[in-house]
Amino acid sequence: MSKPTAPPRPGTVHIAGAGPVGLFLAALLQSDGWRVRLYERRREYTRSRMVSLADYLTADSIDTYRTDPLDGQNVHAIFDRDQLEAGLAYRSTMAADLRGLLEDWTRGFVPLNTIERALSELIASRATGTVERVDQELDPGSALAMLDPGDLLVDCTGARSLMRDLLVPGPDPAERDRNTTRIRMEYALVITFLYDQDYQCNELCKYYKNIGNAAYKFIPAVRRTHYDGSTSHVTGIVNIREQEFDALPPTCTGGFLRERFPDIALSMDQFIDRIKAETHGQIIGDLQVVRLPLDLYRARHVTSQAWQCSGADHPLAASPVFLLGDSALGSPYFQSISLGLEASFVLARHLGNPALTLQEVFTRWEAFMYRQWIRVYMRTQMLKHDKDLLESVGDNSSLLGKMHVF
Ligand SMILES: Cc1cc2nc3c(=O)[nH]c(=O)nc-3n(C[C@H](O)[C@H](O)[C@H](O)COP(=O)(O)OP(=O)(O)OC[C@H]3O[C@@H](n4cnc5c(N)ncnc54)[C@H](O)[C@@H]3O)c2cc1C
């Protein structure tokens, strides 16, 4: 059951992109009484990769919000207690139907398109008549042109954001990555498979099952194994060189990898053979192999505030634009959806606060997203560093060479 519908608010929130984050924001704003138009270029949700969401999304106290050993202290250092409390207070008003979905998804793995379909169905089933879904690919000009006075645009179009690089005032707003700070962590193959027995992985397992894998190591990522009662879902990463990345197709099967890149495949197969020897099971179906550059990036401007302050005669100077989700900030190691959903709570809270002017909402959103960036930057560097060390365990000189000890 949803919470009682709030009174209608002035203006329409135009959300570009109905991926997981755009849909989640739409569901929040719908129960807060906003009129929403949601634009999506895809006709179908076909991304079936398994994703996992962070526990902090359903936390109901500061202590439960900070239980992640890699994140808890960072959160304590970066956010003030009253900011965390305001966030938790807003979250406690979340409609029960949405909370139910979130609680389900934080228990284990879920296909990405299950999240997208479930949110779409939830929005439609509420039948508020306030959310209109538009099957349309937007371009920046048309996105800005449709804003009436009092309207807002929230860009949730993902890593290749529609608006990100336009948010810096200046003569050549089309220059790529003009508004983006990008750090390449590594090139990786993300390998996912299903296994018909209960298989749990920890750091000992990651080390011992890689013994003998000298050139490449298959490392199941943090929280990347999950047993649902009949099947284990496993996702791991193999670090590869840039030339290998260039030579690989964006996705491939295990068979293709064995035939064309036998050394990389060997690390994965040896790891899997050791799982089988231990738990006597079989792989279900084929392996899914995705080639990815693992980038950490952020938009330096996550709103059109700089244009508004510039006084320029430009549509962005008069159009409130916010970046959210992968449009604003992206991180490897399977954390981004959670960051996007977490940020949706904060944006919905600020937009719905009648005491704030638009300028204040801009300022708060810029400040919050900078803190989110510091948070994910610290966590990502720690994950990568720990992974690098794990790959060198057993080789003392390599291990010590990666340490910088005071
Ligand atoms: C292999 C892999 C595994 C992952 N696993 C995890 C995980 O376990 N946990 C996790 O948190 N994250 C994971 N991620 C990252 C996660 O998938 C992304 O962070 C997430 O999809 C971002 O959501 P989003 O809504 O911001 O953007 P997207 O999912 O990219 O959605 C953007 C939407 O906007 C639409 N769109 C784009 N341009 C336009 C336009 N011009 N007009 C209209 N519509 C447009 C797109 O069609 C799309 O539907 C994984 C990523 C990969 C590649």
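State whether the residues of segment 19-32 include one that is within 16 Å of the ligand (Cβ to nearest atom) and without any contact (Cβ under 8 Å) to a residue 60 or more places away in the chain. Taking every residue of segment 19-32 in turn, none turns out to be within 16 Å of the ligand (Cβ to nearest atom) and without any contact (Cβ under 8 Å) to a residue 60 or more places away in the chain.
Can you confirm whether GLU137 is out of contact with any strand residue (DSSP E or B) (no Cβ under 6 Å at 6 or more places or on another chain), within 15 Å of the ligand (Cβ to nearest atom) and in a loop (DSSP other than H, G, I, E, B)? Spelling it out, GLU137 is indeed out of contact with any strand residue (DSSP E or B) (no Cβ under 6 Å at 6 or more places or on another chain), within 15 Å of the ligand (Cβ to nearest atom) and in a loop (DSSP other than H, G, I, E, B). Looking at LEU53, LEU102, LEU57, LEU84, just one residue is more than 23 Å from ALA221 (Cβ to Cβ), of a type outside the set (Lys, Arg) and touching a helix residue (DSSP H, G or I) at 6+ places or on another chain (Cβ under 7 Å), and that residue is LEU84. Looking across segment 295-340, just one residue is in a helix (DSSP H, G or I), under 24 Å from VAL51 (Cα atoms) and over 8 Å from the mean Cα position of the chain (by Cα), and that is SER327. Taken over segment 293-313, the criterion of being at pLDDT below 95 and either surrounded by fewer than 16 Cβ atoms within 10 Å (Cβ to Cβ) or in contact with a strand residue (DSSP E or B) (Cβ under 8 Å, 6 or more places away or on another chain) (or both) is satisfied by CYS309, SER310, GLY311, ALA312, ASP313.
Against the condition in contact with a Lys or Arg (Cβ under 6 Å, 6 or more places away or on another chain) and away from the ligand (no atom under 12 Å from the Cβ), how does PHE345 come out, does it pass? The answer is yes for PHE345. Once segment 46-73 is narrowed to residues that are small (Gly, Ala, Ser) and either surrounded by 17 or more Cβ atoms within 10 Å (Cβ to Cβ) or in contact (Cβ under 8 Å) with a residue 60 or more places away in the chain (or both), the residue that is farthest from LEU102 (Cα to Cα) is SER48.
The values are calculated or read from the model by the stated rules, or taken from the named source; none is laboratory data. Predicted model only: the values in this text are computed from it and were never measured. Heads up, the Cβs are rebuilt from the backbone with ideal geometry, glycines too, and the neighbour counts pull from every protein chain shown.
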